[in-house]
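Notes follow the structure.
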Amino acid sequence: FFFALLMSRSLMRSLTGKVCQAHTLRTRSALLCLSQALPYSTTRKTTFSRSPATGQVIAEHKYLTDSEAAAMVEKSHGAFKGWKGSSFADRAQVMRNAAAVLRRRRDEYAELIANEMGKPIKEGRGEVEKCALVCEYYAENAAKFLAPEPVPTQFQDSFVTFQPLGVVLIVMPWNFPFWQVFRQAACALSAGNTMLLKHASNVFGCATAIEGVFQEAGLPDGVFMNLPISGGQCNAILEHKYTRAVALTGSTPVGKSLGAHAGRLLKKAVLELGGADPYLILDDADVELATTACTSGRILNCGQSCVGAKRFIVTEAVYDEFIETFTAKMAATKVGDPLSLDTDMGPMVDPKSRAEVHQQVQDTVQQGAQLLLGGQPMGGPEGTAFYPPTILAGVQKGMRAYEEEIFGPVATVIKVKDEAEAIFVANDTPFGLGSAVFTRDEAKGRRIAVEELEAGLAFVNDL
């Protein structure tokens, strides 16, 4: 939750226009987009939600046609005219109502998450609660974050005011199917925007449920709508004259594509892409504490988190102790039915993703790394996607596990000589989402986190 709120004010302001005396400031568009737009379609295509724990089809969903999707943009724009005129107090009440709905139906939503993408139900309950918290957070703070700011100039009265943009398209991933939506929606809706949700097709049931949360909370019709379209239809929605901005959480290649398209259209874009977070375990680390945090950070959501612990950079002074303790804790992870409260880690999202992760593991081992734990797909009915907690040690520069994000329950352990080399390896990556440092010297840890680690998030002795 801390991660989500660090940039809450800047995120909220990125979804408004800065209106200053005598002129309007528009920030330049950033980066995003999906595949090329499909040919204009008048027929509905079908997709399915399938449980990665059982392989069974849960539900069938229909994509909107292009004309139906365009009509929803028009409807969203029409709703914006009224919603932008609502007071912060009115919007805050809707957010508080949404929080109440989420808590009342928490178990139902957690079960839906478990069935559609395999997250253990106890993690799903925490995800739903976090969504309630972020709704309450913006209910409490939106008016303060977007308050006009006086600016001293030669004029009698100069100030900056923040106004909603209009229709915002959000393209969201499956890995946190409720949270990723609510961290965007609570912010943008509280600012007075309207929103269209293009969710990952395997969690269309979650998308429908989220739309229902806001309807039950009293949000006016058309202000937040589920937009069940394919990735190939996104460009046309972004190109629509009433779509003012886009927010994407997803892979780096998709972000580059959508961002480039948003740039060409001169439309605002907010991106959260991949990560390969380094966790530094220094000479004076509390190894018991570090290994507990590293295990939790790696098995969380079956390792399918952008801001999850992925690279464990360990100094040689504590390397052997770390390996022994970390391996034991990873091996003790209970993998199984996501609907069971006894399960620590469920399946990966689908067999294709599991195959991609397994190939990364195999290639890294062939390149010279040691496989200390796991590394083989687990059995199960056709369509299931279980993969065990896996540890790769002796990973070096040039190996796939060193250079790439592994989006699964695979820990990459890199041995280094000292603190200086640990910091160098941590920063030797194109990613920069999160990081952590473990040391008994909190002042040193804080200095490294603040001054040395090139990441947006940096924790000390925590994850």
* Residue list for the range 413-463, filter: under 21 Å from the mean Cα position of the chain (by Cα) and hydroxyl-bearing (S, T, Y) -> T429, S435
* Asked: When the range 112-157 is examined, which residues are found to be in a loop (DSSP other than H, G, I, E, B) and surrounded by 17 or more Cβ atoms within 10 Å (Cβ to Cβ)?
  -> G118, K119, P120, L146
* Is at least one residue of the range 274-284 free of Cβ contacts under 8 Å to residues at least 40 places away in the same chain, touching a helix residue (DSSP H, G or I) at 6+ places or on another chain (Cβ under 8 Å) and buried (at least 23 other Cβ atoms within 10 Å of the Cβ)? -> no
* Asked: If you take the residues of the range 54-65 that are touching a Lys or Arg at 6+ places or on another chain (Cβ under 8 Å) and not in a loop (DSSP other than H, G, I, E, B), which of them is most open to solvent (accessible area, probe 1.4 Å)?
  -> K62
* **Matching residues, the range 35-85, being among the aromatic types (F, W, Y) and at pLDDT below 95** => Y40, F48
* Confirm whether S353 is in contact (Cβ under 8 Å) with a residue 24 or more places away in the chain and closer than 27 Å to A422 by Cα. => no
* Structure fact -> Considering residues that are in a helix (DSSP H, G or I) and either within 24 Å of the chain's Cα centre (by Cα) or over 30 Å from K45 (Cα atoms) (or both), the number found within the range 66-108 is 23
* **Selection within the range 276-315 - in a loop (DSSP other than H, G, I, E, B) and over 23 Å from A420 (Cβ atoms)** => Q304, S305, C306, V307, G308
* If P253 passes every condition in (1) under 30 Å from Q360 (Cα atoms); (2) assigned by the TED database to the domain that holds L64; (3) in contact (Cβ under 8 Å) with a residue 12 or more places away in the chain but one, which one does it miss? -> (3)
* Given (1) under 20 Å from L463 (Cα atoms); (2) touching a residue at least 24 places away in the same chain (Cβ under 8 Å); (3) hydrophobic (A, V, I, L, M, F, W, C), where does A328 come up short, assuming only one miss? -> (2)
* Hits in the range 153-196 - residues which are among the hydroxyl-bearing types (S, T, Y) and within 18 Å of L227 (Cβ to Cβ) -> T194
* Asked: Do we have any residue at all in the range 188-199 that's hydroxyl-bearing (S, T, Y), touching a helix residue (DSSP H, G or I) at 6+ places or on another chain (Cβ under 9 Å), open to solvent by 10 Å² or more (accessible area, probe 1.4 Å) and touching a residue at least 40 places away in the same chain (Cβ under 8 Å)?
  -> no
* **Candidates G374, G432, G394, G346 - the one that is modelled with pLDDT under 95 and not basic (K, R)** => G432
* Scan the range 105-141 for residues that are among the basic types (K, R) and more than 25 Å from S190 (Cβ to Cβ) and jot them down. => K119, K122
* Asked: Does V171 qualify as being in contact with a Pro (Cβ under 7 Å, 6 or more places away or on another chain), assigned to a strand (DSSP E or B) and at pLDDT 95 or above?
  -> no
* **Residue match in the range 126-142 (condition: closer than 30 Å to P351 by Cβ and out of contact with any helix residue (DSSP H, G or I) (no Cβ under 6 Å at 6 or more places or on another chain))** => yes
* P177: in a loop (DSSP other than H, G, I, E, B), at pLDDT 95 or above and buried (at least 23 other Cβ atoms within 10 Å of the Cβ), yes or no? -> yes
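The values are calculated or read from the model by the stated rules, or taken from the named source; none is laboratory data. Since the model is a prediction, treat every value here as computed from it, not as a measurement. Cβ coordinates were reconstructed from backbone atoms using ideal geometry, including for glycine residues, and neighbour counts include every protein chain displayed. These area figures cover heavy atoms from the full protein model, side chains too; ligands, DNA and RNA do not enter into them. Shrake-Rupley method; radii C 1.70, N 1.55, O 1.52, S 1.80 Å.
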